[in-house]
Every structure is written in structure tokens, then in C-alpha cells.
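Quick note: the coordinates plus some simple rules give every number you see, no bench work behind them. None of these values were measured; they are calculated from a predicted model. Every residue, glycine as well, gets a Cβ built from its backbone with ideal geometry; the counts of neighbours run over all protein chains shown.
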Amino acid sequence: MLARLGLPLSLLLLAALASLILAMGVGSAQLSPAQIWQVLMGDNVQGQGDALARTMVIELRLPRALSAFAVGGLLAVAGALMQVLLRNPLADPYVLGLSGGASIGALAAMLGGLGGLAISGSAFGGALFSTFLVFGLAHGSGGWTPSRLLLTGVVVAAGWGAVITLMLAMSPAERLPGMLYWLMGDLSYARTPWPPLLLLLATCVVLVPLGRSLNVLARGPQQAAALGVAVRPLEWCIYIAASLLTAAAVTTAGSIGFVGLVVPHMLRLLLGNDQRLILPACALAGGTLLVLADTLARTMIAPEQLPVGVITALLGVPTFLFLLYRSR
């Protein structure tokens, strides 16, 4: 079992390290792997060039790359959890409106002059409210179905988009550029990667032991209950975990779409559907994807920078349409 899990996770870990090295080396000034290693090992600074390299790596590129990795991992794990709960590969925090609810909570806190934990708490409250709203509206006389949940989530996400537009229209003009860039997914000001990284690690540590129960739940709640799984507490765990992960990602980098859709689906095609493997693999692959997307966003039209949400949307929209076509 350990060998079966270890090889793909080791390869994904190497890919993640390679993406971080690439992100630290690419930019307005190119740095070689040897220079990056020298900076990270804390060798004595010799000359102005080494001092500049240390500033670029330690103060600018490394925090941004780690933030991108954390956000990508959080969104991918949240997407994997929602797909288990809905038993639908089209489920995703962005598509189901969780990101929109978290964005509204965070924007409301910002406009109220709050900061720090208040913004994170407001984003979590918005994501959790959006989750309950989608599931409540989708619950008909015969319960909810995956297709009904998906359609409800798309409509709720559109409604959150309208509310966000209203909030922007009523915001002070001097705040609009930063808020718009943040809403499109912006890692330019992400300088504290450790809280989302620790949350990602803690989530994987807590959820991986529940992998067997998640595997059974993916086959249906009735079958899971018949096999002794406490379905309702497990579903509540998924609600809260997905909302918390989405809120942390939105607070760090704004609304970034389709990472939670593309990564879990591709990993299931390659690795199967064992959640004990899929969840940590999503953390590594989602982080790697967003690090590469952010590197591309800040170098494609340098010195100008694109929002990383543009790159993920260009990848995610064709994938979403392909999955929708296959599931007709």
C-alpha cells in the first residue's frame, strides 16, 4: 500500500520542487539553480549582484511562489472533496459559488475597514453560507441530485457575481483597481504563505485517514450508511472543510477558478479514485499547477503582469466544456 502511494506522490513532490525553483529563477532578472541554492542556504553575500539575488528570492519570488502553491493546493483539495460529496466531476468551489460567497465576505470586510483575521473569518462565513444556500435550494421533494446541485451552484455563482459588481460600483474610486485585480486572482501582494500552507498540511493530515470512508461515500450515501459509515457527520466535515479551504484561498489570492475542477479530474484519470492517494496528490498537483500558471502570468507580457485567474480560466473553461460534453 505504501509503495503504491509513495511513487506517484514522490513524482508529484519532485514536480512541485521543480516548479518552485522555476518560479524563483524566472523573471526580470534570471537566476540559475546554483544562485538560488546559494541564497536559500544562507551563504555570505558577496557583492551587489548576490545582494540583489537574495532580495529577489527571499523577499519577492519565494513568498509569492509558496503562496501560489498553497492556494492551488487548497482549491484542488476543496474541489476533490466537493466532487466526492456530489459524485460529479464537474463540482468545483468556483462553479458551485463557494468562491463567490467567500469573495463577498472578504470584500465586505475590506470595505468595512477590517483586516487580518476578520477578512478570513468573513470569507469563511460567506463560503459556508453559499454552501448551505446551494444545497438548500437544490433540495427538492426527492432530495438533491448532482445535476440539480450543479445547475443551482451555477445560478448562485452568477448571483454572487452581480452582488460583487454592485459592491464595486458603490466602492470608493481609489480602491477599485486593487479590488478588481484581487477579484481576478492576484498574487502580487501575497507575502505571508505560511498560514495557508499550514492549513493545507493540517487538512491533508486530518482527511487522509478518512480516505476509506470517503471512497465509500463516493459510491452513494445509502451504500455508505449500509457499510457503517456515519454519513451525516462526514458530509458536515466535507461542507466545513471545503468552505474553510476556499475561504483561505480567496483571502490569500482572490477568486481563482477551475483549479479545483481540472486537477482532481486529471488525477483520477491517472491514479484511480482512491481518496487516500487523490487528496495529497491534489495538494501537490494543484500547488504545482498554480505556481506554473502564476509564473506564466507574470512573465508572458513582462514587465506587465496578468492576473493568474486569467491563466487558470484559459485552462479550465475548455476542460469544463469537455467534461460537460462527456457527461451528457
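In degrees between 0 and 90, to the nearest 10, how far off the longest principal axis of the chain does helix 2-25 point, with axes built from Cα atoms?
Rounded to the nearest ten degrees, it is 40.
So for segment 234-328, what are the equivalent ellipsoid semi-axes in whole Å, largest first, each being the square root of 5 times an eigenvalue of the Cα gyration tensor? Could you put the intermediate results ahead of the total?
Numbers: eigenvalues 119, 62, 35 Å².
Values for segment 234-328, descending: 24, 18, 13 Å.
Let's see if you can work this out: charge +1 on each Lys and Arg Cβ, -1 on each Asp and Glu Cβ, no other charges. What is the dipole magnitude of the chain about its Cα centre, in debye to the nearest 20?
I would put it at about 860 debye.
Just one of (1) 1.15; (2) 0.99; (3) 1.20 is Rg/Rh (Cα atoms, Kirkwood Rh) calculated from these coordinates, so which is it?
Of the labelled values, this structure produces (2).
Would you mind giving the three semi-axes, in whole Å and largest first, of the ellipsoid equivalent to segment 1-139 according to its Cα gyration tensor?
On the way: eigenvalues 282, 112, 22 Å².
Taking √(5λ) for each Cα gyration eigenvalue gives 38, 24, 10 Å.
Could you tell me the convex hull volume per residue, in Å³, taken over the Cα atoms of segment 123-267?
134 Å³
Sticking with the crude label model, points 7 Å out along Cα→Cβ, report the distance from residue 118 to residue 165 in nm, one decimal please.
2.9 nm
Stretched out fully, how many nm does the piece from residue 32 to residue 194 gain, at 0.36 nm a residue minus the Cα gap? Don't skip to the answer; put the middle values down first.
Numbers: separation 162, 0.36 × 162 = 58.32 nm, distance 2.53 nm.
Length difference between fully extended and current span is 55.8 nm.
Given springs between every Cα pair under 10 Å in a Gaussian network model of the chain, which of 33, 264, 280 has the largest fluctuation?
Its mean-square fluctuation being the largest, the pick is 33.
When only C-alpha pairs under 8 Å and at least 6 residues apart count, what is the relative contact order of the chain, in percent?
Values: 501 pairs, mean separation 102.7, N = 328.
Relative contact order, the chain: 31 percent.
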